[in-house]
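Structure record follows, encoded as structure tokens.
Only the coordinates and a few stated rules stand behind these numbers; no lab work does. Quick caveat, the model's predicted, so the values are computed rather than measured. Because the Cβ atoms are built from the backbone with ideal geometry, glycine has one as well, and the counts that use them run over all protein chains shown.
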Amino acid sequence: MSLRALVLLLLIVVPAAALAGGDRGPSPVVFAPQRLPLVFSHAQHVGALAMACTACHDRALTSRSAVDLLTPSEAACRGCHAIDRGRGAVAGATATGACAACHAGWEPGLAVARVVIPPPSLKFSHAAHASTACAGCHPTVASAGLATVRDLPTMDTCLGCHDGARADRSCTTCHLATAGGRVRTALADGALTPRGGVSGADHGGDFGRDHAAIARSNPAACASCHEERDCIDCHNGVVRPMDFHPGDYLALHPVEARRNVPDCAACHKTQSFCIGCHERAGLADRGQTDFRSNVASRRFHPDGWAATDRALPNRHAGPARANLRECTSCHREETCLKCHSAESASPQISPHGPGWRGSSRCRALASKNGRMCLRCHIDLDPVACD
């Protein structure tokens, strides 16, 4: 009748990302579900009797892997408990060792319920921490009953020493790594996702909508788990997360589209996705739509809105500069190029105001994406800001 699991990984000191969320408890991804049909009191042994941790967990002094089972064997318990297995009294035993005292619900003739403690998906060496006092990492054990993963140190405890100066702070010091050196997020019991911890990047709630600022402020933290292709999967518009927008978002999206919060273009290509849908719904410039009717009262824009005759008033310039995104909800780039292009067949009307060439705005846009200028300009000379 083995008692080797009396303590449930008492001395496995690991900075689990799953425990970084405080009292939310351990993640079943890092610590797989356990079965502990045992009765045990650390408060009695460590607290009241002041027993040394290594008296029962002697293998912790030489353990170099988190998969090592460090709970004491029955032999360690028999030093104090006269365990009843038909072998007679144990010399020097000072406490009763009836089977039911530790195996709750056990009755003669029944099989003892097995203890199951799957190894955690982490790396840790107790031998490397042998000089650290056990209570420094396990402060609750002196008052605990049967120790569980909730009695393991949190990530904050580990970062007290792993600050980058006294000890390595990199994630893969303790978390399993891929061949490329990143944190392995695909674990046997699910996907590992942050719950706060070092970067504060809790992946719950609205993180999908709000992660841009975190990604910009600390890209190295993201890169510890993610490859560039993880970002591209969403940001190229091919894979669209179904939980990003609510079910009735089609009816609600005009307000957010005008505010552009979040940035629609981060996922959607305006000329293919947005306008394509608007055209199919009869709301855009092309296709069957009443907005192109020859009847003035049914047209979307009033007369003279975008006249090509320079002598006529042209009313669209101001609204286009104020909110070009609203124009692109119906018009493709080709609509603008009919007039705003250096092609010979175009009226060659410049969309830029006086003093544009050589201005700071001209330089900024040209340096950021010079190819954008070539959509209208066909010669290199007009493209240059100088």
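Quick rundown of the values:
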read-out	value
Spherically averaged projected area of segment 17-173 from its Cα convex hull (nm²)	10.6 nm²
Residue exposure sequence - Val112, Val30 - by fewest surrounding Cβ within 10 Å	Val112, Val30
Full-stretch length increase - Cys234, Ala317 - with 0.36 nm per residue and alpha-carbon distance subtracted	26.5 nm
